[in-house]
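What follows is a short report on a single structure.
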Amino acid sequence: MTLADVLVVGEALLDVVEGCSGDVASHPGGSAANAAVALGRLGADVGLATCLGEDSAGRTIAAHLAGAGVRLVGDPWVLVRTATATARTRVDGSADYAFDLDWRPAPVDPAGARAVHVGSLGAVLAPGADVVREVVRGAAGRALVSYDVNARTSLTGSGPEVVERVERLAGLADVVKVSDEDVADLWPDRSQEAALDRLLGLGAGAVVLTRGSAGALWRDREGVLEVAAVPVEVADTIGAGDTFAAVLLDGLLALGRPWPREGLREALERAATAAAITVSRPGADPPTADELRRAVASRDDDRGTP
């Protein structure tokens, strides 16, 4: 039985955002949940395997997911209390995080899914990381596997065990997304280029490096593609990387393999545009399909693309 066309496995939590002025707001979040919402708003058939508590925060998150068309798969209601992340934003919109998270999802079978997306805390935090790895193993070679490293070293640390978990998953993935911050945290003795070489050497099909305002870079065995960031007034950066990863996955599924180079560039630019929309709004609030379509058209008009 197919759980969903796209299966996302990872954490869902409540983001408690503390602004620079001292204001506090709560938003549903979690890297995997954000990615699932981004995919759902684009119209994908998406299921999320996660953990929630039967409390107010859990019900809020479940309603948020349902509103984006995301189905909860397996039995997510296993926690005493729903996880939270306290995000303290800086003047530039970036954020530091402190987590209260228990991650122990039930096993889930990826059979029938066209794509599986995993990442961040869910991919490395015990005991649930073992479940994530088994899902990826079951999907590798049968589905498009997307892995967003999205390291949260304030909770997991950045020692050899964490790096080993990251690298084992990367070696099974078709696409690995890392940020410049991930590289600095996990491979401090390697340059960005050397870190990408490392991931490709482990078996990753392609690696995407996101660099904030410096844009993004795709690297595979055929070469390199670079795309610029979309200039935008930043509200905060929460959910930007999750949105990028999800929209890129959506684009890759639409292209089909082997991925044509020009199609890859368009998919990367679309992902960058979606991330820009997310950072222009408070919290993790990815665009709908119509919003993204209009933004891409506007960007093409601005540069004279036919």
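The values are calculated or read from the model by the stated rules, or taken from the named source; none is laboratory data. What you see is a predicted model, and the numbers here were worked out from it, not measured in a lab. Don't worry about glycine lacking a Cβ; one is built from the backbone with ideal geometry, like all the others, and counts go over all protein chains shown. What goes into the accessible areas is simple: the full protein's heavy atoms, side chains included, and nothing from ligands, DNA or RNA. Shrake-Rupley method; radii C 1.70, N 1.55, O 1.52, S 1.80 Å.
Of all the numbered requirements in (1) among the hydrophobic types (A, V, I, L, M, F, W, C); (2) at pLDDT 95 or above; (3) open to solvent by less than 10 Å² (accessible area, probe 1.4 Å), residue 238 misses one, and that requirement is (2).
Summed over region 277-306, residues that are within 27 Å of residue 19 (Cα to Cα) and either assigned to a loop (DSSP other than H, G, I, E, B) or charged (D, E, K, R) (or both) total 10.
Taking the criterion of being open to solvent by 40 Å² or more (accessible area, probe 1.4 Å), more than 24 Å from residue 97 (Cα to Cα) and not basic (Lys, Arg), the only residue of region 153-188 that qualifies is 172.
The set of residues in region 286-306 that are open to solvent by 40 Å² or more (accessible area, probe 1.4 Å) and either of a type in the set (Gly, Ala, Ser) or in contact with a Gly (Cβ under 7 Å, 6 or more places away or on another chain) (or both) comprises 297, 298, 304.
Would you mind listing the helices (runs of 4 or more DSSP H) fully within region 104-185 where at least 1 residues are touching a Lys or Arg at 6+ places or on another chain (Cβ under 7 Å) and free of Cβ contacts under 8 Å to residues at least 60 places away in the same chain?
Result: 120-124, 128-139, 160-170.
Residues that are part of a strand (DSSP E or B), more than 23 Å from residue 124 (Cα to Cα) and open to solvent by 10 Å² or more (accessible area, probe 1.4 Å) within region 196-223 comprise 217, 219, 220, 223, listed in sequence order. The residues listed here are 59, 41, 90; of these, the one that is open to solvent by 40 Å² or more (accessible area, probe 1.4 Å) and in contact with a helix residue (DSSP H, G or I) (Cβ under 7 Å, 6 or more places away or on another chain) is 41.
Just one of the listed residues (193, 226) is at pLDDT 95 or above, outside any loop (DSSP other than H, G, I, E, B) and either out of contact with any Leu (no Cβ under 6 Å at 6 or more places or on another chain) or crowded, with 20+ Cβ neighbours inside 10 Å (or both), namely 193. Among the residues of region 44-56, which ones are open to solvent by 10 Å² or more (accessible area, probe 1.4 Å) and out of contact with any strand residue (DSSP E or B) (no Cβ under 6 Å at 6 or more places or on another chain)? 45, 55, 56, listed by residue number. Looking at region 256-265, can you tell me whether even one residue there is among the aromatic types (Phe, Trp, Tyr), in a helix (DSSP H, G or I) and touching a helix residue (DSSP H, G or I) at 6+ places or on another chain (Cβ under 9 Å)? Looking for residues that are among the aromatic types (Phe, Trp, Tyr), in a helix (DSSP H, G or I) and touching a helix residue (DSSP H, G or I) at 6+ places or on another chain (Cβ under 9 Å), one finds none in region 256-265, hence no.
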